[in-house]
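Enquirer: I am attaching a structure below and will ask some questions about it afterwards.
The values are calculated or read from the model by the stated rules, or taken from the named source; none is laboratory data. As the structure is a prediction and not an experimental result, all values here were calculated from the model. Glycine gets a Cβ as well: all are built from the backbone with ideal geometry, and neighbour counts include every protein chain shown. Each accessible area value is taken on the protein alone, full model and side chains, heavy atoms only, with ligands, DNA and RNA left out. Shrake-Rupley method; radii C 1.70, N 1.55, O 1.52, S 1.80 Å.
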Amino acid sequence: MKSLAIFAVSVSLASAMCHYGTNLMPRDVGLERRADGDFGYDELHSALGWHGLSPNNTICAVGKNQSPVNIKTDEYEVVDGASYKFDIVNYPHGAEFLNTGHNVQVFANGSAEFDGTKYSLAQYHFHTPSEHRIGDEYYPSEVHFVFQNGNDLAVIGFMIELAGWGDRINWPISKSLAKVLQIPSGGNKVTTAALHFGALEHHIRKSDVYRYSGSLTTPPCDEGVKFNVVANPIYIDVKTFRNTKKVIKFNSRYTQNAPGEVNLLDHARIVLDKL
Ligand SMILES: *[C@@H]1O[C@H](CO)[C@@H](O)[C@H](O)[C@H]1NC(C)=O
Ligand SMILES: *[C@@H]1O[C@H](CO)[C@@H](O)[C@H](O)[C@H]1NC(C)=O
Ligand SMILES: [Zn+2]
């Protein structure tokens, strides 16, 4: 129960800061840290009801540029990953790895430069299963690198696939998760194994990237988030995946309507009103 006290502190910090506070320290920027209300992934606290948890979450139910989406590959902007300067600081002695209660996340510094703007890394965190789908297909997991430039947020997302015989395991991501069983509950933290990001930087350079304007995938679902979904998946070993799933369990928002189309909840409301 000690973890609840930790959460009470972080929730009040988060709400005191307002959504896009201009001077957020990197560790205060999180896709879930600014959430108002006790959101979750089941029953009345699930993504079907996030809008009801706080007046600040209304856009979750009416926004027309919500994430995640099913990326129909011929309908989205595609950019060459080589145009990204993706530069994450190496942590030979490990970095902080925290179970936030909604996901597991690593606090690392770094930057990404694309489309003429340079962003600073705040943290990266994991979802099981993937939130985005690419050409209808989902993946066992997805990692979101969350970047900030002033009030602007950008996310670079990588699909995580299970390594089969002969697949090259992506070590920066596998090692990020290696100690996940040591942080089974919200508030738990540990220092990761040594992290060197060269293999991940190499990966994005060799892949296409889908780009669209979306939203936070957790309340308050603010829009204007620049999403960059790397087309080629990265691989982790099966055991690391199983351990990750055991700890995270399920933390994916359902697939939203295509950008610009009516929000699915708003659509459901219109249909229900006619019954
Ligand atoms: C809505 O957001 C504002 C600004 O961040 C915050 O002050 C307020 O407490 C939030 N309202 C609720 C009901 O959480
Ligand atoms: C990130 O950089 C800031 C500013 O240089 C520093 O204070 C902080 O400790 C760094 N955090 C990590 C996780 O390296
Ligand atoms: Zn996320």
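Enquirer: Keeping to region 91-144, report how many residues are of a type in the set (D, E, K, R) and more than 15 Å from ligand 3 (Cβ to nearest atom).
Expert: Count: 6.
Enquirer: Run W165 past the list (1) touching a residue at least 60 places away in the same chain (Cβ under 8 Å); (2) assigned to a loop (DSSP other than H, G, I, E, B) and report the number of the one that doesn't hold.
Expert: (1)
Enquirer: Something else: Filter region 158-184 down to residues that are open to solvent by less than 10 Å² (accessible area, probe 1.4 Å) and more than 23 Å from H132 (Cβ to Cβ), then give me how many there are.
Expert: So the count comes out to 1.
Enquirer: Go through region 198-225 and report how many residues are charged (D, E, K, R) and within 14 Å of ligand 3 (Cβ to nearest atom).
Expert: Looking only at that region, the number is 1.
Enquirer: Would you pick out the residues in region 255-273 that are under 25 Å from the mean Cα position of the chain (by Cα) and part of a helix (DSSP H, G or I)?
Expert: L264, L265, D266
Enquirer: Right, another one. Across region 199-220, what is the total count of residues that are more than 18 Å from the chain's Cα centre (by Cα) and among the small types (G, A, S)?
Expert: Going through region 199-220 one residue at a time, the tally reaches 2.
Enquirer: Among the residues of region 141-157, is any of a type in the set (F, W, Y) and either without any contact (Cβ under 8 Å) to a residue 40 or more places away in the chain or open to solvent by less than 10 Å² (accessible area, probe 1.4 Å) (or both)?
Expert: Checking region 141-157: at least one residue is of a type in the set (F, W, Y) and either without any contact (Cβ under 8 Å) to a residue 40 or more places away in the chain or open to solvent by less than 10 Å² (accessible area, probe 1.4 Å) (or both).
Enquirer: Out of region 215-251, which residues are open to solvent by less than 10 Å² (accessible area, probe 1.4 Å) and in contact with a Phe, Trp or Tyr (Cβ under 9 Å, 6 or more places away or on another chain)?
Expert: S215, T218, P219, P220, C221, F227, N228, V229, V230, I234, T244, N251 - these are the residues of region 215-251 that are open to solvent by less than 10 Å² (accessible area, probe 1.4 Å) and in contact with a Phe, Trp or Tyr (Cβ under 9 Å, 6 or more places away or on another chain).
Enquirer: Looking at the structure I just gave you, is M25 exposed (fewer than 14 other Cβ atoms within 10 Å of the Cβ), modelled with pLDDT under 60 and more than 16 Å from ligand 2 (Cβ to nearest atom)?
Expert: Against the criterion (exposed (fewer than 14 other Cβ atoms within 10 Å of the Cβ), modelled with pLDDT under 60 and more than 16 Å from ligand 2 (Cβ to nearest atom)), M25 does not qualify.
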